[in-house]
1. A344 is checked against (1) aliphatic (A, V, I, L, M); (2) under 30 Å from L442 (Cβ atoms); (3) not in a helix (DSSP H, G or I) and fails just one. What number does that condition carry?
2. Starting from residues that are closer than 16 Å to Y676 by Cβ, in contact (Cβ under 8 Å) with a residue 40 or more places away in the chain and not small (G, A, S), keep the ones in the stretch 703-738 and report whichever is surrounded by the most Cβ atoms within 10 Å (Cβ to Cβ).
3. What about T639, is it under 21 Å from L687 (Cα atoms) and either surrounded by 21 or more Cβ atoms within 10 Å (Cβ to Cβ) or out of contact with any helix residue (DSSP H, G or I) (no Cβ under 7 Å at 6 or more places or on another chain) (or both)?
4. Given the criterion in contact with a helix residue (DSSP H, G or I) (Cβ under 9 Å, 6 or more places away or on another chain) and of a type in the set (A, V, I, L, M), identify the matching residue among V504, V419, V411.
5. What number of residues within the stretch 213-231 satisfy the criterion of being under 9 Å from S264 (Cα atoms) and touching a Lys or Arg at 6+ places or on another chain (Cβ under 7 Å)?
6. Filter the stretch 304-322 for residues that are aliphatic (A, V, I, L, M) and modelled with pLDDT of 95 or more and give the result.
7. Just the residues that are surrounded by fewer than 18 Cβ atoms within 10 Å (Cβ to Cβ), under 60 Å from the mean Cα position of the chain (by Cα) and of a type outside the set (K, R), please, taken from the stretch 762-786.
8. Could you figure out which of (1) closer than 30 Å to V105 by Cβ; (2) of a type in the set (S, T, N, Q); (3) under 27 Å from the mean Cα position of the chain (by Cα) isn't true of T412?
Amino acid sequence: MAAPIIQERPADPDGKWTVLGVCVLLAVAVFVVFSQTLRYGFVNFDDNGYFSSNYHVKSGLTWNGALWAFRTGYASNWHPLTWLSLMLDAQLFGLGPFGPHLTNVLLHAANAVLLFLLLRRMMGLRPDIFVGAAATPAGTIWPSAFVAALFAIHPLRVESVAWVAERKDVLSGLFFMLTLLMYARYVQNCAKSQVSGVRWLGSRDYWLAVLFFTLGLMSKPMLVTVPFVLLLLDWWPLERFTIYDLRFTIRRLIWEKIPFFGLSAAACVATILAQREVIYSTIDMPLNLRFGNALMAYVTYCVQMVWPDNLAVFYPYRFDVPVWQIAGAGVLLLSVTVLVMVAAKRFPYLPVGWLWYLGMLVPVIGLVQVGDQSHADRYTYLPQVGLYLVIVWAIRDWTKSWRWRRQVLGVTAGIVLAVLMAGAWEQTAYWRDSESLWMRALACTSGNYIVYSNLGATIMDQGRFTEGIGYYQKALELDPDNAVAHNNLGVAKLKMKRTEEAMVCFQKTLEINPNFAEAYYNLGCVFDKQGRLDEALRQYQQAIELKSDFAEAHNSWGRILDRQGRQDEAIEQYRKAVELKPDYVDAHYNLGGILGLQNRLAEAIEEYRKAVEFKPDYVDAHGNLANALAAQGKLKEATQEYRRTLAMAPNSAQAHYKLGLALQSQHNFTAASAEYQRTIELDPKHLPAHLSLAWLLATSPDNALRNGEKAVKLAEQARALAGIESPQLLDTLAAAYAEAGRFDEAVETAKRTLNLNATRNNQPLADALQMRLKLYEANAPYHEKP
């Protein structure tokens, strides 16, 4: 019997233009709702780890960064493509939040368009047999468009789009849509080519689906359920199950999915390895508690889909849910499941959409609990598409015989989408900054200690210490055994210089959690401030034992070793700190300082350059870099660095003085004298500036610059400031007397200089003084050579 001929019928007479118009409208709707995020900054909830404080990401696309992306389990996830996409943002747009936000919006818009094209391909342009029951005279293009629109602008999408750290959602969504598109093309091509016997092993579309699935898993491992989604699509709308030979069909379709199942298994292993330290044990969170929470979460997501109000960035885990509520949720879910299975033959989209929803949520429903959340809006990003399919196709079939069907559904759809867009716009506005985000979460949830703790951190960052401490204390009222909150409260009190209270907080943290590395580090900081260096050192060492990549602890350990005179050991700790955290500015600066003291100027310069590269406004680093360059004789570069220092700190007397020395060494005497004069104006007691300017006014080869009387006045002021006589001071005073024509005083002062012990022990200086003495005795001043 010949294979059935596939006839493709457009669901709309103007199919191409309609499809194009729908795609444009979907993209416009996404930008109308989410373009406001382009003005927003980062939030203090994972954005620092994913972008703003992540050296590897901020460095852009580099070979080392790519290796790190594939090797790391940072942030308790293995998703190298997510890291690479954020690196590309840094490469293209710089280190601000605009680039990551723009990319998230673009990816979400692309996902909405691809979802529409996917549904259209599977249902709107269909083979009569292989994509069957769904295509009725009611049409499919507008239901497909409505499903895509719901996905595009539902308020539950806000978290995935507005949050930079959730790049993994929108990126994995892109590859998810592409996977299903390629799979649908593969199935339809198989149907068309039945006579020629095309098989999946030789299908380009099939292997493209495998490739996109692989990329999706490398963006977010939540896609491990995709093989089951493909089997659901095989049931409907692709209708690949043959009822009269069901066992053979199932074996064949499962065998076809072997590459997908293999990739899912590998992703599960990688995810467990990456999250093994943050997965709750069954002792801390029993299975019965997890199962109850999972049932409640499934129902909660359904309610939020219909009534998306009081959405928050974090929902605390509830341990007090009444048993009757959990039982009710279970009965409801079971009842719906039974009903959709009973109706499967007549309405195949019901079990497909419902099982799509239930199945795709399994990785994040809490049976394997990671984190303290009971559920999260972002988890619905792809699973809820199944519910949209159920609702929209049910309405489509239910109303297909209505006389005014098009008008009623059109108006209703417009109202629904307008309301959802308004809700999504309002929800997105809460993401404008951290304080707004956490205040909204506080208003929408109760007993939320995580929100109080994070809100406290936000307020503390703004310098509102007393208010921030109040939020930390509120978090502890809700959860007295919250080690993180105790630690944060201690940090806040340490910033307020309430060190004794801070110490109590850190000790309480360690009493609750003896393996809290940050608390050991913070306790070490307290001992450090108190000068109890040995105790501080022990705390830093303990922190490193618990957290070997704790760069801050290595840096602080190095500082103590440096203060104890153990420079080589200190250098080792500083180098370890910058190895672990290449953009660690303070460690680079500290390492540069100790290398400079060892006269290893080239290495010191390299460290100071790195410090100012990562923190361009680091005034002290610019100043020390200039000093090291000057010591190396690189005066032009040193001058540039001194000028950069003064651009940021124009009232730095020392920087003006150092710049004067560099200019004088380059024979720019007029500019040097101006810098010395400015130094004295800023610091009238700056002895070296008095001496340098007096010497320059007395001995400069530039006739127009010399001024003996002023040189004498400055030298005498220097003597008054010094309180003791030194060879440099007396030599300068003698040269000033000679320039002023007071040769007797110049001779007497020069002789007194020669009689100083410091002069006798310095033969080159004594010889120079003898030469100048002869000039003074001959009534001639001393002038340096041009």
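1. (2)
2. Top of the filtered list is T732.
3. For T639, the condition - under 21 Å from L687 (Cα atoms) and either surrounded by 21 or more Cβ atoms within 10 Å (Cβ to Cβ) or out of contact with any helix residue (DSSP H, G or I) (no Cβ under 7 Å at 6 or more places or on another chain) (or both) - is not met.
4. Among V504, V419, V411, only V504 is in contact with a helix residue (DSSP H, G or I) (Cβ under 9 Å, 6 or more places away or on another chain) and of a type in the set (A, V, I, L, M).
5. The number of residues fulfilling the criteria is 1.
6. M305, V306, L311, A312, V313, listed by residue number.
7. If the condition is that a residue be surrounded by fewer than 18 Cβ atoms within 10 Å (Cβ to Cβ), under 60 Å from the mean Cα position of the chain (by Cα) and of a type outside the set (K, R), then N762, P764, E784, P786 are the ones that fit.
8. (3)
The values are calculated or read from the model by the stated rules, or taken from the named source; none is laboratory data. Just so we're clear, the structure is a prediction, and the values are computed from it rather than from any experiment. Methodologically, a virtual Cβ is constructed for each residue, glycine included, from the backbone with ideal geometry; neighbour enumeration extends over all protein chains shown.
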